[in-house]
1. Can you tell me the relative contact order of segment 171-219? Whole percent, Cα pairs under 8 Å, sequence separation 6 or more.
2. Quick check: the distance between the Cα centres of segment 134-177 and segment 13-92, to the nearest angstrom?
3. Suppose all protein chains stay in the model; what accessible area per residue would a 1.4 Å probe give for the chain, in Å²?
4. Which lysines, on any chain, are close to Lys31 with Cα under 23 Å apart, when same-chain ones fewer than 8 places away are left out?
5. At 1.4 Å probe size, what's the solvent-accessible area of Val206? Round to the nearest 10 Å².
6. Rank these by accessible area, largest first, 1.4 Å probe: Glu77, Glu209.
7. Okay, helix-only estimate at 222 nm for the chain: each DSSP H run of n ≥ 4 adds -39500 (n - 2.57), divide by all residues, round to 500 deg cm²/dmol; what do you get?
8. What is the percent carbon and sulfur in the accessible area of the chain, measuring with a 1.4 Å probe over the protein chains and ignoring ligands?
Amino acid sequence: MKQQVKLLIIATLLFSQFSQSQSPWTKEKGKAYLQIGASGLFYNQAQIDGKKVDLSKDYSDVTTQLYAEYGLTNKLEAQLILPYKIVSSESITGNSKVDLSGLGNITLGLKYKLYDQDWKISTGLQYIANSIDYNNTGLSTGFAANSLIPYITAGTSTGKWYYFGNLGYGYMSNDYSDYLKLDAELGYNIIPKGHIILAFNSKNVVSEENAFNNNSTQFPSYLDRQTYNAVGLKLNYEFKPEKFGANFSVFGAFGNDNAPLAPSLNLGIYTKI
């Protein structure tokens, strides 16, 4: 069991492997939310094709990211996720090192509020672009595929509690495997300006396609057929209510495959306009 329960980095602050969890709440017309985040992945082990593998190199995958939401109407919200990545590989002996930097997979999205009573229900669509850089050593700054993710999300809040869940389906190009995506959050207002949040994120392959056969020897951060089931703890604190704050998260994963094995720490600061 200890071999299976590993901390899994989701390398773009909850978006490349872990996207920003989509709640049913939408921004009002003209209102915006902006977050700048950073995370880092440092590993020499991965779970590949069902087996734990000791890699011959030390890998690093560092990301800074802008996440933005903007209310086009009181029911329709636009989203942007813009990651910039610095990745590298170095031989275990330290004799050689290769670096690569560039954009990751840019995400554009729309979310529409369907129902707005005690329970909130929204639906959305995200387009994840194949906007990555790569080199002939196998390094890349993201998945070499375009993705389209329709989803539905529902949730509510009562007293000091809030909770929501969303279900989506990821269609991927370039022979990458489609996947089912499930996210959920349970948050509690533990202090006047702060929340403690229990989160669950899951990505599970629906049908195995052929990209994995060609990229299984490439950068382990972005293999086809990537799977994980992760439980995380988030802390959120608003220094000035409805103006700006910060969040921190740590995630542990089980049942993961075709992904790095490493501890995960993620930090973001945000503002509401």
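The values are calculated or read from the model by the stated rules, or taken from the named source; none is laboratory data. Source: prediction; values computed, not measured. FYI the Cβ positions are ideal-geometry reconstructions off the backbone, even for glycines, and counts take in every protein chain you see. Surface accessibility is based on the protein's heavy atoms, side chains included, excluding ligands, DNA and RNA. Shrake-Rupley method; radii C 1.70, N 1.55, O 1.52, S 1.80 Å.
1. With pairs under 8 Å counted, the relative contact order is 42 percent.
2. Measuring centre to centre over Cα atoms gives 10 Å.
3. Using a 1.4 Å probe on heavy atoms only, each residue of the chain averages 47 Å².
4. Partners within reach: Lys75, Lys111, Lys113, Lys120, Lys193, Lys240, Lys243, Lys272.
5. 80
6. Order by accessible area, largest first: Glu209, Glu77.
7. Estimated from H runs of four or more residues: -500 deg cm²/dmol.
8. That share works out to 59 percent.
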